[in-house]
């Protein structure tokens, strides 16, 4: 089942959700609640309000952000099985002290 993204052009968190999906090459179908007839009503019938963005994956509605916190990168990385590369750390034996 394809991933659906309910969004709107004015929604900052929606743009962040799209950037996330595109970064990891996760295909999706975007449903603009402003221009798709019945989309806003569908959203409200499932989540009780016009809270966007919303992912629909395998019939499950997922809110990929939290008000005041923004897009939930860690949770979405886990959900989709993707991860950001972590910066390399130096082992103690690799640290060089430069004399003054």
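The values are calculated or read from the model by the stated rules, or taken from the named source; none is laboratory data. Note that the structure is a prediction, hence the values are computed from the model and not measured. Glycine gets a Cβ as well: all are built from the backbone with ideal geometry, and neighbour counts include every protein chain shown.
Summary table below
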| item | result |
| --- | --- |
| Whichever residue in region 6-29 is in contact with a helix residue (DSSP H, G or I) (Cβ under 7 Å, 6 or more places away or on another chain) and more than 12 Å from residue 51 (Cα to Cα) and, among such residues, is surrounded by the fewest Cβ atoms within 10 Å (Cβ to Cβ) | 24 |
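A quick yes/no check of all residues on (1) assigned to a strand (DSSP E or B); (2) over 17 Å from residue 3 (Cα atoms); (3) under 12 Å from the mean Cα position of the chain (by Cα); (4) modelled with pLDDT under 95:
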| site | (1), (2), (3), (4) |
| --- | --- |
| 31 | yes, no, no, no |
| 44 | no, yes, no, no |
| 76 | no, no, yes, no |
| 82 | no, no, yes, yes |
| 97 | no, yes, no, yes |
